[in-house]
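All of the numbers you see were taken from the coordinates with simple rules; none came from a lab. Given the structure is predicted, the values throughout are model-derived calculations rather than measurements. We place every Cβ from the backbone using ideal geometry, glycine too, and count neighbours over all the protein chains shown.
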Amino acid sequence: MKNILVIGSTGQIGSELTTELRKRYGGEHVVAGYIPGAEPKGELAEGGPSAIADVTNGEQMAAIVREYQIDTIYNLAALLSVVAEQKPRLAWKIGIDGLWNVLEVARENQCAVFTPSSIGSFGPNTPHELTPQDTIQRPKTIYGVSKVCTELLSDYYYTKYGVDTRSVRFPGLISYVTPPGGGTTDYAVDIFYAAVRGEKFVCPIAKGTRMDMMYMPDGLRAAIELMEANPDKLIHRNGFNVTAMSFPPEKIYAEIRKRVPDFKMVYEVDPLKQSIAESWPDSLDDSAAREEWGWRPNFGLATMTRDMLEKLSIKLLGKQ
Ligand code: SER
């Protein structure tokens with residue numbers, strides 16, 4: 001990777017991935033792509049070049065790729081699961097029509113492409129315990145449908161045209177930097193904001209509902225390490241199961257209470273979020289990622305919780 005374009009650089013993953021890539025490859029080598037209304041600010045705006053890169057506009061992306069001699073594209077443009085259910089046509093337009101544009105630009109300009117898939121690519125009849133790498137993928141959400149198509153279309157461009165496409169199936173990503181918007185796993189971020197602000201947390205996911213999660217530093221490493229992996233070792237490409245932990249709401253609540261003993265949580269289950277959560281795996285088997293490119297998470301529930309509480313306290317309250 002020499003010159004990189006991050007599409008969706010101001011989003012939940014993009015805002016941190018762009019900064020991490022700039023640390024590794026140099027600020028001038030990483031272009032922060034954004035759409036009007038979501039302009040980069042602060043460190044993201046100052047740390048390197050930025051450009052309007054709308055996935056629905058192939059010519060615009062091609063022009064950026066040529067201008068900056070881009071060889072790697074991180075395509076992070078997507079709507080998350082809950083908001084996609086409210087705007088299915090837009091979810092498709094961004095996730096699939098947009099991906100098609102990205103892959104065409106990559107084919108014409110010999111770029112490698114990373115487009116995240118998700119635990120959302122699984123559905124109710126997928127085996128829920130230690131969900132295998134290769135298994136049934138019949139999701140019921142438009143988010144899931146678009147993620148399965150993302151995996152298939154990315155594989156197709158690899159086998160048909162030799163485009164170097166790679167991806168992981170991200171679990172819920174937990175971070176104190178940019179909040180997610182409209183996902184089913186968002187509660188595992190929101191709970192920390194409530195704990196640090198001293199508020200009662202109203203949990204939209206029912207007790208006992210387990211989902212895979214990952215702390216953002218591990219998520220960034222997963223993306224970058226996969227893109228740097230030796231292609232000869234990759235049996236799979238799009239997309240690898242990766243996970244770091246799996247828990248139900250009561251377990252993360254108990255972990256936070258070890259450090260915030262007065263913290264209160266009540267349940268007010270959101271039917272849409274709950275039905276999506278129940279259709280997703282309880283725990284992923286990520287042995288293919290471990291074997292093919294050496295994936296290992298660094299953070300578990302306890303270490304992630306400690307770091308989140310420390311960092312979020314500084315961010316929200318200016319203290320530890
Ligand atoms: N975090 C996503 C969501 O909840 C899943 O990948 O929609």
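Can you find, among Val242, Ile94, Ala106, the residue farthest towards the positive end of the dipole of the chain? Put +1 on the C-beta of Lys and Arg, -1 on that of Asp and Glu.
Result: Val242, furthest along the dipole toward the positive end.
Report the gain in length on full extension from Ala63 to Tyr193: 0.36 nm times residue separation, minus Cα-Cα distance, nm rounded to one decimal.
42.8 nm
Could you order peptides 202-215, 29-42, 5-18, 151-164 by the average number of other Cβ atoms within 10 Å of their residues, highest first?
5-18, 202-215, 29-42, 151-164
Nothing charged except the Cβ atoms of Lys and Arg (+1) and of Asp and Glu (-1): what's the magnitude of the dipole of the chain about its Cα centre? Round to the nearest 20 debye.
Computed charge dipole of the chain: roughly 660 debye.
Grab the DSSP H runs of the chain that are 4 residues or longer, score each as -39,500 (n - 2.57), total them, divide by all residues and round the 222 nm result to the nearest 500 deg cm²/dmol.
Calculated at 222 nm, the ellipticity per residue is -12500 deg cm²/dmol.
Report the residue, chosen from Ser175, Ser50, Ser117, that carries the largest GNM mean-square fluctuation when the chain is represented by alpha-carbon nodes joined by springs under 10 Å.
Per the Cα network of the chain with a 10 Å cutoff, Ser50 tops the list.
Based on the Kirkwood radius over alpha-carbon pairs, what value in µm²/s does the Stokes-Einstein equation return for the translational diffusion coefficient of region 42-118 at 37 °C and 0.692 mPa s?
So the translational diffusion coefficient is about 246 µm²/s.
If you take the charge dipole of region 181-320 about its Cα centre, with +1 on Lys and Arg Cβ and -1 on Asp and Glu Cβ, which of Gly318, Pro217, Thr305 is farthest toward its positive end?
It is Gly318, whose Cα lies furthest towards the positive end.
Could you give the length gained on full extension between Lys264 and Ile52, defined as 0.36 nm per residue of separation minus the Cα-Cα distance, in nm?
Roughly 72.0 nm would be gained on extension.
Equivalent ellipsoid semi-axes for region 20-65, as square roots of 5 times the alpha carbon gyration tensor eigenvalues: give them largest first, rounded to whole Å.
Each semi-axis is the square root of five times an eigenvalue, giving 20, 13, 7 Å.
Whole angstrom only: what separates the Cα centroid of region 19-64 from the Cα centroid of region 244-265?
Cα centroid to Cα centroid, the span is 36 Å.
Please list the helices of the chain that count as membrane-span-like by this rule: a mean Kyte-Doolittle hydropathy of at least 1.6 together with Cα atoms stretching 20 Å or more along the helix axis, each helix being a complete DSSP H run.
Sorted by number, there is nothing, because no helix extends far enough and scores high enough.
For the chain, what is the convex hull (Cα atoms) projected area averaged across all directions, in square nanometres?
Projected area, direction-averaged: 15.1 nm².
What size of dipole, in debye to the nearest 20, comes out for region 1-104 about its Cα centre when the only charges are +1 on Lys and Arg C-beta atoms and -1 on Asp and Glu C-beta atoms?
About 140 debye.
Have a look at the DSSP beta bridges in the chain and tell me what percent are antiparallel, nearest 5.
Expressed as a percentage, antiparallel bridges in the chain total about 10.
If you wrap a convex hull around the Cα atoms of region 224-265, how much volume per residue is inside, in Å³?
Given the Cα convex hull of region 224-265, per-residue volume reads 116 Å³.
How much length would be gained if the chain were fully extended between Thr159 and Glu43, taking 0.36 nm per residue of separation minus their Cα-Cα distance, in nm to one decimal?
37.9 nm
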